[in-house]
Structure formats: C-alpha cells, structure tokens
Amino acid sequence: MRIFLAVCFGPSKLHVHLREAPKKEMNIPQPRFLLRDPNAKKPTSIYCHLRFNNDRIVFATGEKIHPNEWDSGKQRAINSKKFPHNSELNIWLDKIDSEIKSIFRSFNLDNVSPTADLIKNKINERIFKKTTSRIPSLIDFIASYIKECTKIKNPNTVRTYITTFKHLKSYAKFHSINLDYSSITLDFYNSFVDYLTHDLSLSQNTIGKHIQVFKTFMNEATDRGFNKKMDFRGRKFKRLAEPVESIYLNLEELERIRGLDLTQSPSLERVRDLFLIGCYTGLRYSDFIKIKPENITVEGQGQYLEMLTQKTSQRVVIPLKPIVLEILKKYGGIIPKPLSNQKMNQYLKVIGKQAGITNKILVTRTKAGIRSEKLIPKYELIHTHTCRKSFATNAFRSGLSTLSIMKITGHKTETQFFKYVRITEQENASNLINHEFFKD
C-alpha cells in the first residue's frame, strides 16, 4: 500500500495528514466470442477472446455451433423459431461473460494486477470447475467424449468413434505402452497405421477413417485445453485415402428399376420407391426418409420440396418430378415406410439384379497393404448414397448448370460437387464425338 504525506500550513499550526494513495484500477475487458472457423460447413468450436493490459487469453467454451446459426455481430447464437435450441447456449455464453467480469472486479477490489496464468486458473476454477492438476488422461478423455457424443451425434458416428477407440486401446496393449497426449507424435502415427494395416489387415480407406476420427478426438482435447502437443496437425499426420469406384445409375437404368413389378414383395417395392425419390431429389438417405406433407409446397404450375437438411442444416428447395409425385400419391401423400439404411442397401442389390444391372465394374482396393483389382457386377455396388450421385450426374449430363444443381444438392464448392459427378471415360468420349472439334 502506498501512503502519501500531506503537509498543510495554517495561520498558527502545522497540520500533517496521512492518506492512502488512490488505487489504479484495471479496466475490465469485454469478452469476445468468435468461431474457430466461421466458414466451416459443419459445427465449429466457439472460442472466448480476452485482451487486458498487454496480455491476450483465448480459450474454448466447450460448445460448438454451425456458422449458419451464429450472429457474428452480437457474438451469440441465433435464437429464433428456426433455432429454438440455441437459447441454452446463449445462457452459457452469458454466464462465461459474467464470471469473467466478476473475476476482474475481484482483482480490482484486492488491488491486484493479475498475470494471464492467474486469470486462466480463475477461469478454470469458477467457470469450468477444473484445475490443471485434474486434466484427464488421453484414454479417459476419449471415453468421456464418446459418452457425451451418444446424446448429440448420429448413432452411426458414435459406433465409428467406439471402433476407433477400441483399435487405439488394442494398439496400446499390443505394444505395451501408456498412450497420453505427449505420446502423439509422427512416430506414433506411423506405428499406428502399420498396426492397422498389417496386424488388423484393414483397407486403406478404413484406416484413413480411423485416423480422421482420432484427429477429431485430439482436436476436442486441444479445444478443451487438455492437449498442448500439436504434432497431429502436421502435414504428414494425414488421413490415408484411395479412390473408390462409386457408381451412378443412368436414366435408362432407373427406368428399368421403376418398371419392375414388385407387388409380390411389398418390402422390395417400398425400398425401390424410396430409392427413386432419392434419385430424383438428390437428398441423402437421412433426409428423404423424413419427407412430410408439409415439406411440399405449390407455386404456379409446379410443386416443390422444401426442407432443412439434417447433416448441414441447409435449406433446399427442389422442383418435384412427376414420378416423385406419383410415388407420394401411391402412398397417400406420404413417403413409403422407411427401412434401416443397412437393410435398404441389402434390398437395393436384389432390386438392381432383378433390373438386369449386371455389367461388370473394375474395383481397386488396398487391404493389409496389398493392392488388388476385381470385376464386380454393378448391382452389388448400389446403395442409398447412389441416389445423390445419380441425381448429380444425370442432372449434369442433361445440361443443367452446375450452380443450379448445387443449390439442390447443397454443395458449397464445385470441387465438392464434382466428386459426385460420375461420368466414365466412354461416356465422356460419346458426349464429345459430335463436337465440332472432332469433326474436322
């Protein structure tokens, strides 16, 4: 404490006063809430940014949101009839804002000029109820994170997380090592990939999927302040991938499927009709099985399907072809009762075979580090995702503009879109044969 001596001279006496020096209060900073990736196509982490004196603190709030649901001006989630679930998120962000300001007020009252580390410790104690001594191990964190995900993520995604975690634990046991954040180096990556390749005999794309999931675990641990080792974000710590022969069905093949008499097999008939709805709307399985009468609107002479997609929360408006309207009318204005994705994929192969879609496709696979080629009947490669590829390819071949198709499929970039367009070399040559360039 600083004391000032004040001397005052009066007419006959000398007056001495001791008084305390005025406190120099630190300005209370305004927390700013920003998205980790404002241009992300999926939910991204919300970070809190603080600036005080010459220090800067950035920490993850522990929450994610799709950029479409974020108001960057207000630095809060959009809370509306469209996004009613965001009210609780905003309450949490308001709590963080309030607690931070309270922390700084306390330091002002105590006449303390805190360091960045001291502020971080207080934030952990008062907001996240944790201290650095209670950081969970990598294995414990992944286990708890998967448990969290069971409540908010697609069950198929959670199953993939569980499988990756199982392989990670079996790898650690196989090598008799204790995996933790500091263990995640490029040497670990090479060793883990080798284990998945040669000890588990997995295909290259399956290995790539597990690497991607593992990086998701590490990103989450990093966002929450548990992990400080960044090797996993290096260029060589990459997801392995090889091209997969992904088919589409042309209009003639779709007509053959449409023309099948499946009245003696109601389950096959329902799957066929659902599949055709997907092929003529370009929707994902998770979306076309949820079409409701209220999604259908009439404008002028046409009818449109309007809905918010499940995966990307993107609004799409799709003109409906007469065949889709016929199918909906057949089932009383609603979609046929859906089957599980797995069961539908099984039935689609039966339907494709009955429709005579039996031409052979050369499929290349790398498994256990060995590359092989095999001719497979086309019907064996049909699954629910063939719908989107068929829609995109047939629309593109018919002459619709790329931008118009992307408005329906929801792709943000042409690079993403053209991964869905499947035109063989022979089809490309056939399309070009009548071009002026090849006539001279």
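Coordinate-derived values only; no laboratory data. All values derive from a computational prediction rather than experimental measurement. Please note: Cβ atoms are built from the backbone with ideal geometry, for glycine as well, and neighbour counts cover all protein chains shown.
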Along each principal axis, Cα extent of the range 176-215, largest first, Å: 28, 21, 14
Coordinate range along principal axes, alpha carbons of the chain, Å, largest first: 119, 64, 55
Where Cα atoms sit under 20 Å apart: lysine pairs in the range 206-298 separated by 8 or more or lying on different chains: 9
D_trans [Stokes-Einstein, Kirkwood Rh over alpha-carbon pairs] for the range 32-133, 4 °C, 1.567 mPa s, µm² s⁻¹: 88 µm²/s
Cα gyration tensor, the range 251-438 - rounded (a/c under 1.5), prolate or oblate: oblate
Principal-axis tilt of helix 155-174 within the chain, Cα atoms, nearest 10 degrees: 70 degrees
Relative contact order (%) - criterion: Cα under 8 Å, at least six apart; region: the chain: 11 percent
Alpha-carbon centroids, the range 199-226 and the range 73-105: separation in whole Å: 31 Å
Gained length - residue 241 relative to residue 371, 0.36 nm times residue gap less alpha-carbon distance: 45.5 nm
Partner aspartates and glutamates for residue 407 [C-alpha distance under 14 Å; skip if fewer than 8 residues away on the same chain]: 306
Point-to-point label distance, residue 68-residue 231, nm (Cα→Cβ direction, 7 Å offset): 3.9 nm
C-alpha long axis of helix 341-354 to longest principal axis of the chain, angle in °: 20 degrees
Segment residue 438-residue 263, extension gain: residue separation times 0.36 nm, minus the distance between their alpha carbons: 58.2 nm
Alpha-carbon centroids, the range 36-50 and the range 252-313: separation in whole Å: 34 Å
